[in-house]
1. How big is the range 91-147 by Rg and Dmax over its Cα atoms, in Å?
2. Only sites in a loop by DSSP and with at most 12 other Cβ atoms within 10 Å count here; which trypsin sites (Lys or Arg not before Pro) in the range 369-411 make the cut?
3. How much of the calculated P(r) for the range 312-378 lies past 15 Å, in percent of all Cα pairs?
4. Working from the alpha-carbon coordinates of the range 73-192, get Rg over Rh, Rh being the Kirkwood radius.
5. State whether the range 296-411 is rounded, prolate or oblate according to the following rule on the C-alpha gyration tensor (a ≥ b ≥ c being the square roots of its eigenvalues): a/c under 1.5 gives rounded; otherwise a/b larger than b/c gives prolate, and the remaining case gives oblate.
6. Based on alpha-carbon atoms only, what is the radius of gyration of the range 277-316 relative to the globular estimate 2.2 N^0.38 Å?
7. Take the alpha carbon atoms of the range 296-342, find their radius of gyration, then divide it by 2.2 N^0.38 Å using N residues; give the quotient.
8. So how compact is the range 156-230: Cα radius of gyration and Dmax in angstrom?
Amino acid sequence: MELRNTAPADNGGRRKKSWVRALVFRLVSLSLSLLASFVVVEIIFRLLEHGEQSQTFTEGPGGAWVADARWGWKPAKGTFRVGTPEFVASGTINELHMNDLPPQPGDEAKTRVLVLGDSHTFAVGVSQHEAWPKRLEHKLNGDDNLPRYRTYNAACPGYSVHQYLLRLADQGPLLKPHYVVAGFSYATDLYDLLPPDRGGWIYGDDKERDYFDLDESGTLVEKHSEPTRASGSESRSLPAVTIRRTLGSFATFRYLRRSNTALWVGSHVKVGGNTLWPNMDVVLEQEIAEKHRYQWELLYALLLRLQKETQKQNARLVIVGIPYLPQVYDEIWNVTFGNNERYSRTAAIERLSAWCQSHDIVYVDTCDAFRTKVSELGRWLHHRKDAHPTAEGQDLIAQVLIDATVLPRRQ
């Protein structure tokens with residue numbers, strides 16, 4: 001009988017291939033499981049969001065954005081009533097596209113205050129009479145049977161300092177204010193400044209509008225942005241902004257974006273050198289980063305032009321600083337930027353206050369007052385999801401201005 005000499009089986013190779021196949025199978029299974037879990041979670045949060053949206057409504061023609069070739073947009077005239085699970089707010093947009101009563105007979109005999117600002121001053125989340133410009137008017141007049149003050153709330157959601165200046169130039173001469181008070185919102189006013197060729201606007205980037213920029217000599221010049229130019233700005237937006245916009249399309253992110261986990265991620269994860277909360281980077285950094293220097297330079301130039309326009313109208317400019325969540329609430333600060341020595345919750349406040357003082361511009365800050373009041377009351381003065389000041393917060397801003405005595409009675 002002839003014996004054949006056979007080669008030994010390659011058991012090692014087979015075991016290796018088997019191990020690789022098992023690993024790939026497990027990774028694919030894990031990926032599919034995670035994807036399925038995310039889909040389930042997303043569906044759950046969409047259902048929860050749908051439940052909340054059933055409590056959300058908008059009534060009346062007033063308040064919606066309508067196009068304006070110079071300002072970009074303005075609130076539509078008419079009454080409005082808005083409701084969410086957090087608040088119900090109402091008001092009327094007058095003929096001047098202000099969240100205010102129309103100018104009244106006898107206003108010419110009063111001390112007139114023109115108020116500029118964004119959604120924190122408009123103010124989203126409270127009714128017209130609860131907005132801080134109207135609370136300021138109420139406090140200035142007190143129980144006087146012949147009111148001697150009149151405030152005009154010319155703020156609009158989404159506006160930046162560019163639009164504050166345009167609105168003052170256009171409507172100031174109509175109202176002839178004695179004071180111009182600009183509500184400087186640390187939520188966006190240092191951030192939403194970049195012209196189309198430097199990244200574009202955060203709000204209304206597809207709108208035709210006038211704006212300001214620095215020329216080669218550093219002089220502030222007025223320019224115009226066409227919709228075709230502005231619409232391309234999104235492609236030049238900061239990567240962190242693009243990611244936030246993408247995340248915003250998911251109900252899971254929208255629902256959890258103010259959770260401690262989401263806030264930690266937003267303040268610690270960096271994309272393109274910016275955190276996913278980039279508007280806070282420029283506000284909280286102790287030393288101005290090179291990439292943010294242009295924003296500060298442009299801001300200073302805009303404020304100087306705002307002062308010049310105010311003086312041209314024989315009025316006095318007052319800047320009131322309105323803080324944002326990490327600056328006010330320890331629970332937000334501690335879980336986000338508080339453990340990073342690069343940041344300070346008062347960095348931008350101190351910088352802007354000192355600059356205003358050196359240029360003879362009155363600056364009144366409300367951050368300390370917010371922190372003190374929150375500590376006393378043991379509750380937020382902002383809507384937790386909406387993040388705009390509540391009626392109590394709005395009233396506090398007005399009270400700080402009263403206490404600062406920057407709006408004395410005319411003799």
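No value in this document is a laboratory result; all are computed from the given coordinates. Quick caveat: nothing in here was measured; it's all calculated off a predicted structure. Note: ideal-geometry Cβ built from the backbone for every residue, glycine included; neighbour counts use all protein chains shown.
1. For the range 91-147, the Cα radius of gyration and maximum Cα-Cα distance read 11.7, 32 Å.
2. Here the sparse-neighbourhood loop sites are Arg379, Arg384, Arg409, Arg410.
3. So the portion of pairs separated by more than 15 Å is 60 percent.
4. 0.95
5. oblate
6. Values: Rg = 13.7 Å, N = 40, 2.2 N^0.38 = 8.9 Å.
Dividing the Cα Rg of the range 277-316 by 2.2 N^0.38 Å gives 1.53.
7. Here the answer is 1.75, to two decimals.
8. Considering the range 156-230 through its Cα atoms, Rg and Dmax are 13.2, 39 Å.
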